[in-house]
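Peer 1: Sharing a structure below in structure tokens format, with a few things to ask.
Throughout, read-outs are computed from the coordinates displayed, never taken from laboratory work. Model, not experiment: these values are computed from the prediction. All Cβ positions, glycine included, derive from the backbone under ideal geometry; neighbour counts span all protein chains shown.
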Amino acid sequence: MKTETHNHREAKDSHQHSGETVPKDNKSDSHEHDHSGLFGGHAELVFSLACGFFLLTGFLLSKFFQVPGWLILSSYIVSYFFGGFYTLKEAIENIAKGKFEIDFLMLVAAAGAASLGEWPEGALLLFLFSLGHSLEHMAMDKARKSIEALAGLAPNTATVRRDGTQTEIPVEELKKGDIVIVKPNSKIPADGVVVSGSSAVNQAPITGESIPVDKVPVGNPDEFNEDDKRIPQESRVFAGTINGAAVLEIKTLREAKDSTLSRVVEMVREAEQQQSPTQQFTKKLEKYYVPAVLALVVLLLFAFLVIDEPFSKSFYRAMAVLVAASPCALAISTPSAVLSGVARAARQGVLIKGGRPLEDLGVLTALAFDKTGTLTEGKPKLTKLVTFNGVSEEELLSVAYAVEKLSDHPLAAAIVKGAAEKLNNKSVSEATDLKAVMGKGVEANFEGKKILIGNAELFKSIESINLSQDVLEHVGDFQKEGNTAMIVARDGQVIGVIGVMDVARKEAAGVVKELSKLGIKKMVMLTGDHQQVADAIAREIGITEARGNLLPEQKVEAINQLRESENKLAMVGDGVNDAPAMAKSTVGIAMGAAGSDVALETADIALMADKLENLPFAIGLSRKSKAIIKQNLFVSLGVVALLIPLTISGVANIGPAIIAHEGSTLLVVFNALRLLAYGDKAKMVKAK
């Protein structure tokens, strides 16, 4: 289970896809109910709005129309029905568990108001309470999609070779040691090791690496088990990753239920149930407050036995105290501020999924960033080149463009696009006879000469080409700067080195500086890319700590370590591999437009317009929201604390109690609405 204050979702259904076994959760102790039926998942909201409609109808009929009293009363009774339906249902369920919570007290208060003839007050209590509840439940329903989306990453079936024949079977029937045949451009069904074929595999769904990784067969697959650290990374594959343009044969190292993807599903599932700080406070308050108020009301009902007064007066006093003690303003103090904060954030292109992340975002002391697609653009680009042996840059680019244009490798696409831009789309002769060289590069013919483009390992295997110290130094320099370096040779002579990398977002450095000014003390980059790449990007944007070569579970370990020193920590990411780390952090933040569906569903906050610069805005808004929530709690609890002794002593009767309630309710609502204008002055000044 997740620790501390991170819970933005409630119980989920069990989904089984593609061999991913997700056990059914027990229902959480918090409010989690099936409110579907005729109106789908919005039935509770429809009932709440119906309550408000009939409340307004009764009020207008009483104030502006001459109609029979029974018609007005009927409107309020119908309003009671719609406003109290789900509140009563939950109250009964809680009472069955031995709990008396605010929902029960609201019902008793509404009944007390009705017994005194104050039907509008009771209906208003139920309307406000049911509206806040329904909106809370709607937000929680979205979380159920995260497990389904995660499990759906793996394919439903796998082609295996057993006893010399190929058979297509359900993924859940895969056994450890099976030989799986993965066709081009299809998903890999299980964790394993490549035993035949070579291809570029897109590992972004699991490791977050920005560039597909060349996979080659391992020489001795029988020597390795699933946790063997000796398995070369260029031979290990994961369930849910995507094969490139060639057929691969894979020996499975784990069953589908134990795959890396399954562990990602499980980590997200386990991390989904907790409560916000304010919810925890109100829950503790309810535990003692509600029974205490009910006990007080019962005592006051029998006050006529102790003091010389009629039962009717004791009853009236008890009902006045019940109305005074009903925490109407308390019930909406947090939801009203949350809704205003969420609405203001939405105008800025920031999706905040409820009150917990809105509160917690403002108290962060540290941020952990994924690299690819978050701090970088997420697409490799041609960034550097150097020429040798008198070759011009235009000549080098023409050779690289012609050869890589024939390849379907993602790095080739980056070279072709970058070269075309630098050559101003100048016409270049066609290359022919392209051949891939076992995960090391390519060879082809161009203008009657043999061209080789690949990494240093490719040229070490060719005795006729000696890489000079100058070439190797440039390759090393490119790699230190985070580039994937490729050497270009023509007829046995090196003519240049080309560097391709995923470049930092233009706004990243400015955002890091702004976050520092906001008091974020620690910023760390976590990535599946190589450490050299991570260090290069970190230096460029001003982040002081970068951790590379991380798998999803290692990112979670890093988050847990960081939380030991920095209690309030957010994870900012965009990939499936970031989902468990997001779930383990205090707040999970997804880059919306660039992010996977899973990251978006798992995260608490999504930067919908894919604008990293909205992160400082969101943190500032959160801090303002948290301050207003505290103010609203102070007002709502203060009014109750003042009214209860006044009504007990008889200084205030039901009339002042109602007026005080309405006043405190309006005050907390208008205070919350101030959030809708947050940041507008700064935007106006900036525009000027």
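Peer 1: Ranked highest first by average number of other Cβ atoms within 10 Å, how do 534-542, 521-529 line up?
Peer 2: Working: 534-542: 20.2, 521-529: 23.1.
Top to bottom by mean Cβ count within 10 Å: 521-529, 534-542.
Peer 1: In debye, nearest 20, what is the charge dipole magnitude of the range 155-258 about its Cα centre with +1 on Lys and Arg Cβ and -1 on Asp and Glu Cβ, if you could check?
Peer 2: My answer is approximately 160 debye.
Peer 1: Hey, how many Å between the Cα centroid of the range 609-648 and the Cα centroid of the range 458-513?
Peer 2: 53 Å
Peer 1: Please work out whether the range 370-463 counts as rounded, prolate or oblate from its C-alpha gyration tensor, where a ≥ b ≥ c are the square roots of the eigenvalues and a/c under 1.5 means rounded, while otherwise a/b larger than b/c means prolate and anything else oblate?
Peer 2: In terms of gyration-tensor shape, oblate.
Peer 1: What length, rounded to one decimal in nm, is gained on full extension from K176 through to A292, with 0.36 nm per residue of separation minus their alpha-carbon distance?
Peer 2: Here the answer is 35.8 nm.
Peer 1: A further question on this structure: Using +1 at the Cβ of each Lys and Arg and -1 at the Cβ of each Asp and Glu in the range 155-258, identify which of G177, F238, P221 lies farthest towards the dipole's positive end.
Peer 2: F238
Peer 1: Set the Förster distance to 45 Å, then compute FRET efficiency between K522 and A303 from the Cβ-Cβ distance, nearest 0.05.
Peer 2: Numbers: r = 59 Å, r/R0 = 1.32.
That pair, K522 with A303, gives E of 0.15.
Peer 1: Per the Kirkwood treatment, what hydrodynamic radius in Å, one decimal, follows for the range 295-402 from the mean inverse distance over all distinct Cα pairs? Before the final figure, lay out the partial values.
Peer 2: Working: mean 1/r = 0.0463 Å⁻¹.
Every distinct Cα pair counted, the radius reaches 21.6 Å.
Peer 1: Still on this structure, I have one more. Taking 0.36 nm per residue of sequence separation and subtracting the Cα-Cα distance, how much length would be gained by fully extending the chain between R161 and L467, in nm to one decimal?
Peer 2: Once the chain is fully extended between R161 and L467, it gains 105.9 nm.
Peer 1: Right, something else. Summing Lys, Arg as +1 and Asp, Glu as -1, what charge do residues with Cβ under 13 Å from the Cβ of L396 carry, L396 excluded?
Peer 2: Residues close to L396 contribute a combined charge of -1.
Peer 1: For L358, what charge total do you get from the other residues with a beta carbon under 11 Å from its beta carbon, if Lys and Arg give +1 and Asp and Glu give -1?
Peer 2: +3
Peer 1: Using DSSP to define loop residues, name the trypsin sites (Lys or Arg not before Pro) in the range 414-506 whose beta-carbon has at most 11 other beta-carbon atoms within 10 Å.
Peer 2: Of the trypsin sites (Lys or Arg not before Pro), the ones in loops of the range 414-506 whose Cβ has at most 11 other Cβ atoms within 10 Å are K506.
Peer 1: Which FRET efficiency, nearest 0.05, do L676 and F53 yield, Cβ-Cβ r, R0 22 Å? It would help to have the intermediate numbers written out before the result.
Peer 2: Details: r = 24 Å, r/R0 = 1.11.
Approximately 0.35, to the nearest 0.05.
Peer 1: Using a cut-off of 15 Å between beta-carbons, work out the net charge of the residues near A111 (Lys and Arg +1, Asp and Glu -1, A111 not included).
Peer 2: It works out to a net charge of -3.
Peer 1: Can I ask one more? Taking 8 Å as the Cα distance limit and 6 or more residues as the minimum spacing, I'd like the relative contact order of the range 155-258 as a percentage.
Peer 2: RCO, the range 155-258: 39 percent.
Peer 1: Same structure again: Treating only the Cβ atoms of Lys and Arg (+1) and Asp and Glu (-1) as charged, compute the dipole magnitude of the range 454-522 about its Cα centre; round to the nearest 20 debye. Intermediate results must be reported in sequence, preceding the final value.
Peer 2: Details: 9 positive and 10 negative charges, 133 e Å.
The calculated dipole for the range 454-522 is roughly 640 debye.
Peer 1: I would also like to ask the following. How big is the charge dipole of the range 377-504 about its Cα centre, in debye rounded to the nearest 20, if each Lys and Arg gets +1 on its Cβ and each Asp and Glu gets -1 on its Cβ?
Peer 2: 180 debye
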